[in-house]
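Peer 1: There's a structure below that I have some questions on.
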Amino acid sequence: MARKSIAVNSFYNMIYRGLNVIFPLVTVTYVSRVILASGVGRVSYAQNIAQYFITLSALGIPNYGVREISRATDLEERSKTFSELFFINGISTLFFSISYYLLIFSCSGFRNDHLLYMVVGSSIILNILNVDWFYQGMEEFRYIALRNFFVKLVSLVLVFVLIKDKGDYVNYALITCLAVGGNNVWNIIHLRRMHIRLEYSNLKIIHHLKPILLLFASAISVELYTLLDTTMIGIMCTNEAVGYYTNSMKLVRILIVFITSISGVLLPKITIYARDNNVEKCSDVVSKVFSIMLLIFLPCEIGLFLLSDDVAVLLFGKSFVAAGVTLRIASLLICTLGFSNLFGTQVLIAFKKEKLLLVTTGLGAISNVVLNMFLIPHFYQNGAAVASVVSETIVTLLSVKFACRYIKLRIDGRYLISLLVSSIALMVVVCVVIINIDNLYLRLMVSTLSGMIVYAYINYAMRNPVFVYFISKINRKN
């Protein structure tokens, strides 16, 4: 299989991942003003319950599948591996789909919104057709991005057509499920062009189970502290509080998703280097990506932290003014989530260190649950945001520590100094603009533009090696 460049893959993966978050962000900007915080909270809570079953049904296949497909050396081996994992996923999804519907029909807590929970449950059933891991393992990021664009475009049109008043929250949930299902169906149809056919004989399922279950345990740990917060807010607080929290997290994740798309294409590459015991090459790639991500993460985190009140009102409307504090706390997740993905999901899985990944995510889950129990009753959605920041920081620090056992992280001293100076300058400029401009729209525009200019200028003037590298690349093309 011909290997594609990291730059090309990163570009298409950025489009793919960006659309996956831009779609709910754009729609929620419109929907929040129509169905209000209560409606957003009802849908988010239902999706939160369904996501537990989606995670259970997927097992650890999404990450494991990428690694195994990228390791396959010929078409026959790929088809066989694909068939084995597809059948494991199918059996698991069928079991947990039935479990979900038994739960919502037997539990009185779901009776008031039966239709909503039935609709959201379709996303669990559609997981049977989820084979994105195959295309990622094949490094088909161009196909993934283009497919995603067309499906999301149709879905966006449906949002504006079918959601007209606050009673249309079920339509919103249905469209979200159809967007996911459309991608999955398209994937299955496209398999013919990849020359992949389902095989039914001589399949070896057993040898996949141990690594899948290890990654499954890690996935459960991750989902525990990314889903439990919303669940606990829904139980202890109001639908409005769920809406404030989930919208804040969606906005933070759009920034994370764009930047982590750089590292998202690494797993197939690092898997090959790790298989060949090429530690030097692994270290070089991870160090470069880390430097690029930090260069972009820092101004995003600082800017969102300082402008969170204005951003919440601008995107979600005045009914979400209380989400400003939540968004400010959640902005601190930008660096931690991005780097836990790079060092945990990418590096540790590539080196087959699933047990270490399980340790990091397990400790993160435990700390998150404990903190939520103490903080949510007193601080509502803001308490959940603090718990998420603390637990994700624990996960990130452990992931970096474990990953550095297998790679050497190299960071240039000039790079760190220029980042520090430019970040301080960015904070000063944005604060000055906030103090002196009253108009919300003008304040956001001026602070964003002036902050970006100052940050870029100082990094260029101080000859930040990563920034200068990008400028030189642009100049060559021109």
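The values are calculated or read from the model by the stated rules, or taken from the named source; none is laboratory data. As the structure is a prediction and not an experimental result, all values here were calculated from the model. Because the Cβ atoms are built from the backbone with ideal geometry, glycine has one as well, and the counts that use them run over all protein chains shown.
Peer 1: Look through segment 237-270, keep the residues that are hydroxyl-bearing (S, T, Y) and modelled with pLDDT under 65, and return whichever of them is surrounded by the most Cβ atoms within 10 Å (Cβ to Cβ).
Peer 2: Let us first name the residues in segment 237-270 that are hydroxyl-bearing (S, T, Y), namely 238, 244-246, 248, 260-261, 263.
Then keep just the ones that are modelled with pLDDT under 65; that gives 260-261, 263.
Numbers: T260: 24, S261: 22, S263: 26.
Out of the qualifying residues, it is S263.
Peer 1: Do we have I453 as loosely packed, with under 12 Cβ neighbours inside 10 Å, of a type in the set (V, I, T) and in a helix (DSSP H, G or I) here? Quick ask: steps written out before the conclusion?
Peer 2: Working: loosely packed, with under 12 Cβ neighbours inside 10 Å: no; of a type in the set (V, I, T): yes; in a helix (DSSP H, G or I): yes.
In short, no.
Peer 1: Now for a separate question. Given (1) more than 25 Å from V120 (Cβ to Cβ); (2) part of a helix (DSSP H, G or I); (3) out of contact with any Leu (no Cβ under 8 Å at 6 or more places or on another chain), identify the lone condition not met by N183.
Peer 2: (1)
Peer 1: Filter segment 185-218 for residues that are closer than 30 Å to I366 by Cβ and out of contact with any Phe, Trp or Tyr (no Cβ under 7 Å at 6 or more places or on another chain) and give the result. Let's see the steps before the verdict.
Peer 2: Step one: of segment 185-218, the residues closer than 30 Å to I366 by Cβ are 208-218.
Across segment 185-218, the qualifying residues are H208, L209, K210, L213, L214, F216, A217, S218.
Peer 1: Name the residues in segment 28-46 that are of a type in the set (S, T, N, Q) and surrounded by fewer than 22 Cβ atoms within 10 Å (Cβ to Cβ), would you? Spell out how you get there, then give the answer.
Peer 2: Start the filter on segment 28-46 by keeping residues that are of a type in the set (S, T, N, Q), which leaves 29, 32, 38, 44.
Correct list: T29, S32, S38.
Peer 1: If you check every pair at least six apart or on different chains, which have Cβ atoms under 7 Å apart with a residue in segment 420-445 that is outside any helix (DSSP H, G or I) first and a residue that is not basic (K, R) second?
Peer 2: So the pair list comes out as I437/V446.
Peer 1: Please state which one of L327, L333, L358 is in contact with a helix residue (DSSP H, G or I) (Cβ under 6 Å, 6 or more places away or on another chain), aliphatic (A, V, I, L, M) and at pLDDT below 90. Quick ask: steps written out before the conclusion?
Peer 2: Working: L327 fails: at pLDDT below 90; L333 fails: at pLDDT below 90.
It is L358.
Peer 1: Further question on the same structure: For segment 277-287, which residues satisfy the criterion of being without any contact (Cβ under 8 Å) to a residue 12 or more places away in the chain and either under 21 Å from T336 (Cβ atoms) or not in a helix (DSSP H, G or I) (or both)?
Peer 2: N277, N278 - these are the residues of segment 277-287 that are without any contact (Cβ under 8 Å) to a residue 12 or more places away in the chain and either under 21 Å from T336 (Cβ atoms) or not in a helix (DSSP H, G or I) (or both).
Peer 1: Suppose the filter is of a type in the set (V, I, T) and in contact with a Leu (Cβ under 6 Å, 6 or more places away or on another chain); does V395 pass it?
Peer 2: Numbers: of a type in the set (V, I, T): yes; in contact with a Leu (Cβ under 6 Å, 6 or more places away or on another chain): no.
The answer is no for V395.
Peer 1: Which one of I144, I163 is crowded, with 19+ Cβ neighbours inside 10 Å, assigned by TED's automatic domain parsing to the domain that holds T27 and more than 24 Å from the chain's Cα centre (by Cα)?
Peer 2: Numbers: I144 fails: more than 24 Å from the chain's Cα centre (by Cα).
Exactly one residue qualifies, and that residue is I163.
Peer 1: Also, I was wondering about something else. Can you spot a residue in segment 391-410 that is in the same structural domain as C237 (by TED's automatic domain parsing), closer than 25 Å to K250 by Cβ and more than 26 Å from the chain's Cα centre (by Cα)?
Peer 2: no
Residue-wise test of (1) more than 17 Å from E392 (Cβ to Cβ); (2) charged (D, E, K, R); (3) not assigned by TED's automatic domain parsing to the domain that holds A456.
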| residue | (1), (2), (3) |
| --- | --- |
| V289 | yes, no, yes |
| L294 | no, no, yes |
| G303 | yes, no, yes |
| L306 | yes, no, yes |
| D309 | yes, yes, yes |
| F316 | yes, no, yes |
| S319 | yes, no, yes |
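Peer 1: When you go through S418, S422, S367 one by one, which is the residue that is in contact with a Leu (Cβ under 9 Å, 6 or more places away or on another chain) and either modelled with pLDDT of 90 or more or of a type in the set (S, T, N, Q) (or both)?
Peer 2: Numbers: S418 fails: in contact with a Leu (Cβ under 9 Å, 6 or more places away or on another chain); S367 fails: in contact with a Leu (Cβ under 9 Å, 6 or more places away or on another chain).
On inspection, the qualifying residue turns out to be S422.
Peer 1: Filter the helices (runs of 4 or more DSSP H) completely within segment 93-174 down to those with at least 2 residues that are within 30 Å of T73 (Cα to Cα) and touching a residue at least 12 places away in the same chain (Cβ under 8 Å). Steps first, answer last, please.
Peer 2: Numbers: elements: 114-125, 132-137, 141-162.
Those helices (runs of 4 or more DSSP H) span 132-137, 141-162.
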